[in-house]
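The values are calculated or read from the model by the stated rules, or taken from the named source; none is laboratory data. Everything quoted here is computed from the prediction, not taken from an experiment. We place every Cβ from the backbone using ideal geometry, glycine too, and count neighbours over all the protein chains shown. The accessibility values were calculated without ligands, DNA or RNA, using every heavy atom of the protein model including side chains. Shrake-Rupley method; radii C 1.70, N 1.55, O 1.52, S 1.80 Å.
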Amino acid sequence: MKPVIKKNTWKEIGIISGTIIAIMLFVFGINGLYPFGNGLVSRADMTQQTIPAMIYYWDILHFKASPFFCWNSGMGLNISGAFNLGAFFSPLNLFLYFTTRSNIYRFTNILVILKMICIAISMYAYLTKYSKTRYGRIIGSLLYAFSGACLVHFHIMLVMEAAFFLPLLLIGLDRIIHKKKPLFFIFIFAYAIITDLYTAAISLLFIFIYYGTQ
């Protein structure tokens, strides 16, 4: 299968991003969620683990805390494992830099939207290589962004990271199979492992299932 030449890429990405933003803001609006009200999307693990961890990660991004050791608990705590568990090396979590520390619990609503856009663009990059129609690329990317990994498990952020990395890993595998070039896959998979070991394991499982059905 030969890759299709990309045309109007930025326009299509704009349509995808705009559609996600419009749908999510509409849902937020009718439910009174921030920025249209005081409601939050946080629940379960997001409230108990993710948001507190994001606050600490915000301190790390602003050079106010160490990514390896925390002195705020007892005689100190090695948090390098927790840092990996929270997928804080993910490029998607860098969006936290653009909010204030006190607004992180509200910004989580916006972060979910931003991650969904990145997930859609990641799938778009994969579909662009093979889809012959603009509608196929756009609809496929949107359906992927609104998949169960985002709508059901968004409160477990590492699941969203797996959804982001998976299309990139598939691109890497295609490059190995069709071009005999393994560097892209090696780089992305290594980055996924560094970001979060569970993210990499989930992504690898999906890849085994995907190629096992071919």
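Here is how the numbers come out for the structure above:
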quantity: Neighbours by Cβ (under 7 Å, 6+ apart or cross-chain): first from region 199-214, within 22 Å of Ser90 (Cβ to Cβ) and open to solvent by less than 50 Å² (accessible area, probe 1.4 Å); second of a type outside the set (Phe, Trp, Tyr) and modelled with pLDDT under 80; calculated: Thr199/Ala87; Thr199/Leu158
quantity: Subset tally (residues that are open to solvent by 40 Å² or more (accessible area, probe 1.4 Å), outside any helix (DSSP H, G or I) and closer than 20 Å to Phe146 by Cα) for region 12-43; calculated: 4
quantity: Test: Trp58 is in contact (Cβ under 8 Å) with a residue 40 or more places away in the chain and farther than 22 Å from Ala145 by Cβ; calculated: yes
quantity: Positions within region 70-108 being modelled with pLDDT of 80 or more, open to solvent by 40 Å² or more (accessible area, probe 1.4 Å) and not in a helix (DSSP H, G or I), in sequence order; calculated: Thr100
quantity: Some residue of region 141-157 being open to solvent by 70 Å² or more (accessible area, probe 1.4 Å) and touching a Leu at 6+ places or on another chain (Cβ under 9 Å); calculated: no
quantity: Failed item in (1) part of a helix (DSSP H, G or I); (2) farther than 24 Å from Cys150 by Cβ, with Lys64 passing the rest; calculated: (1)
quantity: Considering residues of region 48-68 that are out of contact with any helix residue (DSSP H, G or I) (no Cβ under 6 Å at 6 or more places or on another chain) and at pLDDT below 80 only, the residue least open to solvent (accessible area, probe 1.4 Å); calculated: Gln49
